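First comes the structure, then the notes that go with it.
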Amino acid sequence: MNIKVRPVSEHDVPALVDLTLQAFVPIFESFPKILGDSIYQRIWPDWKASQAEAVKSMCANWEKYTVLVADLEGEPVGYLSYDLNNQSKTGTVQLIAVHPDYQNRGIGTELCRAAVEEMKERDMTLAQVETAGDASHAPARRAYEKVGYTGLPLVRYFKSLED
């Protein structure tokens with residue numbers, strides 16, 4: 001498989017939205033089981049709309065975000081977005097997704113490598129990313145670890161106040 005990592009173009013956006021919605025189904029199916037329906041609905045009443053808007057916004061805001069696309073024969077099969085804080089010299093991965101048909105083939109890892117290299121070239125001294133510890137996020141964690149990220153176990157608690 002000959003994957004090329006390249007900058008996003010405006011023509012990529014519909015495909016990136018589509019692959020995000022497909023790739024994130026397992027994640028958003030797992031959250032109600034973990035959090036319960038009440039909390040889940042408060043945080044993500046319409047996850048598809050919010051994720052689609054996040055992708056569109058990052059792709060449109062090229063002054064703030066860098067979006068790298070994993071291209072296979074002219075078709076986007078994954079992407080990673082990040083932003084930079086020049087004051088703290090920190091690059092932060094905001095979002096990564098790989099189309100389900102192409103997952104577990106090293107594409108996420110390659111996107112992470114490319115982003116880390118770009119961050120270094122842009123004088124960042126630290127790269128960071130946040131992800132969840134549940135099973136649906138395991139592929140993302142593997143990609144980050146393969147590139148050399150060190151995980152810090154954190155726990156975020158939620159409690160519905162409507163019960």
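The values are calculated or read from the model by the stated rules, or taken from the named source; none is laboratory data. Just so it is clear, the model here is predicted, and its values are computed rather than measured. Every residue, glycine among them, receives a Cβ derived from its backbone with ideal geometry; neighbour counts consider all protein chains shown. When the accessible area is computed, the model is the full protein with side chains, heavy atoms only, and any ligands, DNA or RNA have been set aside. Shrake-Rupley method; radii C 1.70, N 1.55, O 1.52, S 1.80 Å.
A few points about this structure:
- Being among the aliphatic types (A, V, I, L, M), open to solvent by less than 20 Å² (accessible area, probe 1.4 Å) and part of a strand (DSSP E or B) is a property that L80 has.
- Looking only at segment 1-37, and only at residues there that are in contact with a Phe, Trp or Tyr (Cβ under 7 Å, 6 or more places away or on another chain) and closer than 29 Å to L161 by Cβ, the one that is surrounded by the most Cβ atoms within 10 Å (Cβ to Cβ): F31
- The residues on offer are A114, A132, A138, and the sole one that is assigned to a loop (DSSP other than H, G, I, E, B), out of contact with any Gly (no Cβ under 7 Å at 6 or more places or on another chain) and small (G, A, S) is A132.
- Screening Q94, Q87, Q51 for residues that are in a loop (DSSP other than H, G, I, E, B) and polar (S, T, N, Q) leaves exactly one candidate, Q87.
- The residue pairs whose first member lies in segment 87-101 and is farther than 17 Å from Y65 by Cβ and open to solvent by 50 Å² or more (accessible area, probe 1.4 Å), whose second member is of a type in the set (A, V, I, L, M) and not in a loop (DSSP other than H, G, I, E, B), and whose beta carbons are closer than 7 Å, counting only pairs six or more residues apart or on different chains, are K89/L126; P100/A23.
- Scanning segment 1-29 for residues that are under 12 Å from the mean Cα position of the chain (by Cα), not aliphatic (A, V, I, L, M) and not in a loop (DSSP other than H, G, I, E, B) yields one hit, T20.
- Some residue of segment 31-50 being within 20 Å of P139 (Cα to Cα) and in contact with a strand residue (DSSP E or B) (Cβ under 8 Å, 6 or more places away or on another chain): no
- Residue selected from segment 115-158 under the condition free of Cβ contacts under 8 Å to residues at least 40 places away in the same chain, hydroxyl-bearing (S, T, Y) and farther than 21 Å from Y65 by Cβ, by the criterion surrounded by the most Cβ atoms within 10 Å (Cβ to Cβ): T150
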